Amino acid sequence: MLSCRPLGQRDRARPDGRSSQGAGISLELSYVLACWSTTTLEEQALLSWAMLELDRYPILDQGQLLGGATWSRGESVQIVPDDSDPERLFRLWEALKLKHHLSALYKARVIRIGYRPTVDAPPVAASRFSFADGDPIAEPAL
């Protein structure tokens with residue numbers, strides 16, 4: 001993964017200012033698709049096949065994503081080529097101190113992360129708490 005960028009809030013706030021589904025953010029993730037092989041012809045064939053499959057199925061829905069129960073019914077992830085900055089690939093290979101391999105950048109959007117929904121309960125109006133030295137169960141010393 002190269003980077004992630006927040007896109008906005010996952011859910012709307014209620015009139016009282018609290019979140020309706022827990023805190024969360026939407027992200028756009030960047031990935032590098034790279035192939036290693038003994039020949040350049042195999043690398044080209046593998047990368048071409050992977051790119052064709054991502055083009056054929058660019059949207060992943062609840063049935064195709066791991067942890068299907070954690071995804072909402074309407075949520076999906078779109079995978080698209082990232083042609084924004086070709087320099088990023090060269091900087092990545094240079095930073096990894098690896099020989100450059102045939103690779104391509106992709107974006108996965110919109111990924112939502114956050115806390116699980118909390119139980120909606122009325123606010124606490126009062127609480128009682130006391131503290132005393134000693135053991136309340138032990139009998140008093142004579």
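The values are calculated or read from the model by the stated rules, or taken from the named source; none is laboratory data. Not measured: the values here are computed from a predicted model. Cβ: placed from backbone, ideal geometry, glycine included. Neighbour counts: every protein chain shown.
So in the range 25-71, with the set limited to residues that are free of Cβ contacts under 8 Å to residues at least 60 places away in the same chain, among the hydrophobic types (A, V, I, L, M, F, W, C) and loosely packed, with under 13 Cβ neighbours inside 10 Å, which one is nearest to VAL110 (Cα to Cα)?
Selected residue: ILE59.
How do the strands (runs of 3 or more DSSP E) wholly within the range 1-69 filter down when requiring 2 or more residues that are under 29 Å from LEU96 (Cα atoms) and modelled with pLDDT under 90: which remain?
Those strands (runs of 3 or more DSSP E) span 4-9, 24-34.
How many residues, within the range 88-107, are in a helix (DSSP H, G or I) and in contact (Cβ under 8 Å) with a residue 60 or more places away in the chain?
Summing the residues that are in a helix (DSSP H, G or I) and in contact (Cβ under 8 Å) with a residue 60 or more places away in the chain in the range 88-107 gives 2.
Of all residues in the range 72-95, how many are charged (D, E, K, R) and surrounded by 14 or more Cβ atoms within 10 Å (Cβ to Cβ)?
3
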